[in-house]
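Take a look at the structure below.
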Amino acid sequence: MRLIVLISLAAIGCGKAPTVPVSGRVTLDGQPLEGASVLFQPVVADANADGFGSVGQTDADGRFELKAIGLPHRGAIPGSHRVYISKPLYPPNGEYVADIPNAIPDEYHTGDGIAFEVPSDGTIEAAFDLVSPKRVRRK
């Protein structure tokens with residue numbers, strides 16, 4: 001009986017992820033970016049480590065709060081992350097498009113993403129000030 005209780009307690013303890021609260025704001029060219037997905041993907045040296053990502057959605061003021069992907073935990077695990085921000089431009093009729101254009105420049109949602117360090121006690125100030133590519137003016 002004692003063994004069953006110990007195993008049960010260990011299983012309950014294993015279900016708790018070491019997440020910390022993470023929230024912040026995304027702007028594009030100084031304006032709040034509404035409806036963007038913000039993905040934090042931890043940089044994990046050990047392939048067997050628990051490196052689950054976290055995701056959030058920006059509101060009308062560009063603010064987001066992260067939640068662990070596939071887990072009931074809010075926030076993200078502390079440490080180094082790559083951040084990817086995207087806002088696909090879906091067609092108004094909702095039809096499938098093979099290569100959906102994005103409202104955000106590619107460097108923010110492809111490749112290495114944006115480096116970000118999640119502090120051990122979390123943060124409410126994860127700010128991402130995105131900038132559109134400069135447009136060439138015709139003379």
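Before moving on, here are some points about what is shown:
- Karplus-based coupling profile of the range 75-87, in residue order and whole Hz: x, 9, 6, x, x, 6, 9, 10, 10, 10, 10, 9, 8, with θ = phi - 60° in 6.51 cos²θ - 1.76 cosθ + 1.60 and x standing for Gly or Pro.
- Taking packing as the residue-averaged number of other Cβ atoms within 10 angstrom, the listed peptides 26-36, 120-130, 78-88 run from highest to lowest as 78-88, 26-36, 120-130.
- Our coupling estimate for the range 120-131, obtained by passing each phi through the Karplus curve with A = 6.51, B = -1.76, C = 1.60 and θ = phi - 60°, is 4, 9, x, 7, 10, 10, 6, 9, 10, 9, 7, 10 Hz, Gly and Pro reported as x.
- Residues whose amide H comes within less than 5 Å of that of H109, counting only those at least five positions distant or on another chain, are I85 (H built at 1.01 Å from N in the peptide plane).
Where a number appears in this text, it was derived from the coordinates with a stated rule and is not lab data. Owing to the predicted nature of the structure, the values given are computational and were not obtained by experimental measurement. Note: ideal-geometry Cβ built from the backbone for every residue, glycine included; neighbour counts use all protein chains shown.
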